Structure formats: structure tokens, C-alpha cells
Amino acid sequence: MPSGVPIRFEGVSKHFGSVQAVNDLSFTVEPGRVTGFLGPNGAGKTTSLRMLLGLVRPTSGSATFDGTAYRDLERPLETVGAALEAASFHPGRSARNHLNVYAIAAGLSATRVDRVLDQVGLTQYADRRVGGYSLGMRQRLGLANALLGDPGVLVLDEPVNGLDPEGIRWIRGFLREMAAEGRTVLVSSHLLSEVQQSVDDVVILAKGRLVHRGPLTSLGAESTVRTTVDSPDRAALRAALSETGHRFEETAEGFVVLDVGATEVGRTAHLARVPLSALHAQQSGLEDRFLALVNGEGLR
Ligand SMILES: Nc1ncnc2c1ncn2[C@@H]1O[C@H](COP(=O)(O)OP(=O)(O)OP(=O)(O)O)[C@@H](O)[C@H]1O
């Protein structure tokens, strides 16, 4: 079983001319956990990951695998697997062919190719030309490529991008499984909502700077469920909600019921025989907190 090592960013900065892409970034990513590396477009995520992987040289500071820079790793593919955004694969070649080439070049056993194809669910498409793959299938091929050396660390740039709902469900399970096996898993995304069901920890960047890091729960997870509900007979709905003791606010879209899920609100309306024209649960509020952080408002 591969064992993960911590990823350490220590005072990492990078500027491109006058653009300060990353500014004095320090954090550690622990093994056995999935860490979301989050921030809006342009926050500096890709630049940070590229520095970690030795593709861009930091202006100052160091990004290492427990103290060892990528270029100094003795067995890089067996230590860290990376899938960066917009990985390009030759359209005329099959997934199996691509992976075979990498496996041979890295001196890895050919059985690894079958294994990783199976791990990412591409076995049945392995001999088709990559040119005919959907974006989701290409994402899976990128993951297969990252897994070839059975590394203890996975670094994935926007792996959820382009996946359909089934693919998103699949990757959530995949990330959890990788961490449960003891690997260090760092996953970037510009949307917290895209990864919030898979991550244990978050590292949040805005304009090249660290704005928050800690367990997902440090953002105040689970604290706010809100349900929006409306009725052609608002007076009756207002009375029913008040009677049940729900806390709610009235808005142009209807009533926003605080701390109560859609099932419960639906039941209240049903019992009071109030017809509904809208009933939906809102974001838990996590995304709001995330946006407040990246917009410089801090945690409320
Ligand atoms: N090679 C480069 N030359 C000049 N500026 C760059 C270069 N690479 C990145 N930048 C700039 O650095 C900043 C951070 O970009 P980066 O791609 O790291 O952000 P990001 O968080 O990954 O965003 P995205 O999700 O859009 O990729 C941006 O202002 C970007 O324009």
C-alpha cells in the first residue's frame, strides 16, 4: 500500500514581471485526507501546483514533498501522481497505448496499465482512440496516468471540471478511497460546492494569498439549511409556518425557512393543506462563506 507524505508550502512566492501570482504561501497538506485547494479563477492555484511539480520556479520559498523538491525525488512517479488541467493526449492513439508508453518510459510493470484503467473505469474504452473521448473520459485518462506509479501523493488540478453528475459522484468516491488508503490528496477547484462533499480540509487562496486553511468544518459546515417555499396563498402559508414555530423570512421569492429542510417544510404545508408553487433547499451557506472569504470579508 503506498503511503503518503505531507506536502509543504513554505513561504512560496511567484511573480511574473509585475504580476504577483502567489504571495508568501505557507501550508501543509496531510496524508490520509482529501484537501481542497480553492480559490476563484486567477487566485494562483495552478501556478502553486506547477511550482510544487517543478514546472515553475518559485521566486522565493519552497514547495516540497516532506522536504524534498519534486526534481530531487528519487522515484518521482512512485511518489507523486499529478493530473494538471488541459492535459493533452494524442487524439489518434488509444488510452492503453498512451499509458503503455508512459509505463515503459518509467520502467513500470505493464500490469500497472490494466490496473489503472480498471481503477478509473476506462477498461471497456481502453482501445478506442482518445480523439473520440468525452471531456469526462479524458479526465479519467489523466487520473489513470497520475496513478501509474501507484504514488502516495495525488495532485489534481480541477478534476471535477467537465464531469457529468455520474462522473462527479464517481470522483467523490474515488478521492475518498485514495485518502482512505493513506495517500495525500490535493484537489484544486474554483468552486467549493464542487468538492465540498469530498474534502476533509480546505486551503483557500485569493489574489495569490492564503485566506483560510483548516478542516472543512472550520467554515461552519452543516450550520445552515435554508428552504425557500412559496404558495399562491401566502397568508395561509405564513400562518402554517408560524403555527409550526419555524423561523422564516419573507422575500420577493417567497419564504426562506431557516434551519429546516425541504421535506419538513413540505410536510408542514401539506398538513395545513396549503398549495405550493415553489419548494427548494438552498445551499448550506458554505458557498456564501467561501465567497465572503475570497472577497476579503473574513469568516462571520
Ligand atoms: N506564465 C505566466 N505569465 C504571466 N502571468 C501569469 C503566468 N501564469 C499565471 N499568470 C498570472 O498569475 C495569476 C494566477 O494565475 P493561476 O493560473 O495560477 O490562477 P488559478 O487560481 O489557477 O486560476 P485558474 O483557475 O483560472 O487557472 C493570474 O493573474 C495569471 O494571469
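Read-outs: derived from the displayed coordinates by stated rules, not from any lab. Values in this document were obtained by computation on a predicted structure and should not be read as measured data. Neighbour counts run over all protein chains shown; Cβ positions are idealised from the backbone, glycine included.
Values as computed for the structure displayed
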quantity: For Lys45, Lys207, order by how many other beta-carbon atoms lie within 10 Å, fewest first; calculated: Lys207, Lys45
quantity: Rg in Å to one decimal, and Dmax rounded to a whole Å, for the range 147-258 via C-alpha atoms; calculated: 20.0, 64
quantity: At R0 = 25 Å, FRET efficiency that the Cβ-Cβ distance of Ala106 and Arg129 yields, to 0.05; calculated: 0.60
quantity: Full-extension gain in nm, Val19 to Ser193, via 0.36 nm per residue minus C-alpha separation; calculated: 59.8 nm
quantity: Among Arg172, Arg93, Arg267: highest mean-square fluctuation, GNM of the chain, C-alpha pairs under 10 Å; calculated: Arg267
quantity: Charge dipole magnitude, Cβ of K and R +1, D and E -1 - the range 15-89, Cα centre, debye nearest 20; calculated: 180
quantity: Whether the range 112-174 is rounded, prolate or oblate, judged on the alpha carbon gyration tensor where a/c under 1.5 counts as rounded; calculated: oblate
quantity: Largest-first principal axis extents of the Cα set of the range 196-250 (Å); calculated: 50, 22, 17
quantity: Volume per residue of the C-alpha convex hull in the range 226-283, rounded to whole Å³; calculated: 66
quantity: Only Lys, Arg (+1) and Asp, Glu (-1) charged, at Cβ; the chain dipole about Cα centre in debye; calculated: 700
quantity: Size of the chain as Cα extents on the principal axes (Å, biggest first); calculated: 72, 46, 35
quantity: Rounded, prolate or oblate (a/c below 1.5 giving rounded, otherwise prolate when a/b exceeds b/c) for the range 30-79 by Cα gyration tensor; calculated: oblate
quantity: Choice from Thr244, Thr217, Thr184 with maximal GNM fluctuation in the chain (Cα, 10 Å cutoff); calculated: Thr244
quantity: Net charge over other residues, Cβ less than 15 angstrom from the Cβ of Lys14 (K, R count +1; D, E count -1); calculated: +3
quantity: For the range 89-202, with +1 on Lys and Arg beta carbons and -1 on Asp and Glu, the positive-most of Leu99, Leu154, Ile171 along the dipole; calculated: Leu99
quantity: Global form of the range 87-215, assessed from the alpha-carbon gyration tensor, a/c cut-off 1.5; calculated: prolate
quantity: Choice from Val160, Val260, Val203 showing the highest fluctuation, given a GNM over the chain with Cα pairs closer than 10 Å; calculated: Val260
quantity: Nearest-0.05 FRET efficiency for Ala235 and Thr263, computed from C-beta distance (R0 35 Å); calculated: 0.90
quantity: Cβ-based charge dipole, the chain, positive-most Cα from Ser48, Val202, His90; calculated: His90
quantity: Filtered GluC sites (Glu not before Pro), the range 209-262: DSSP coil and at most 12 other beta carbons within 10 Å; calculated: Glu222, Glu253
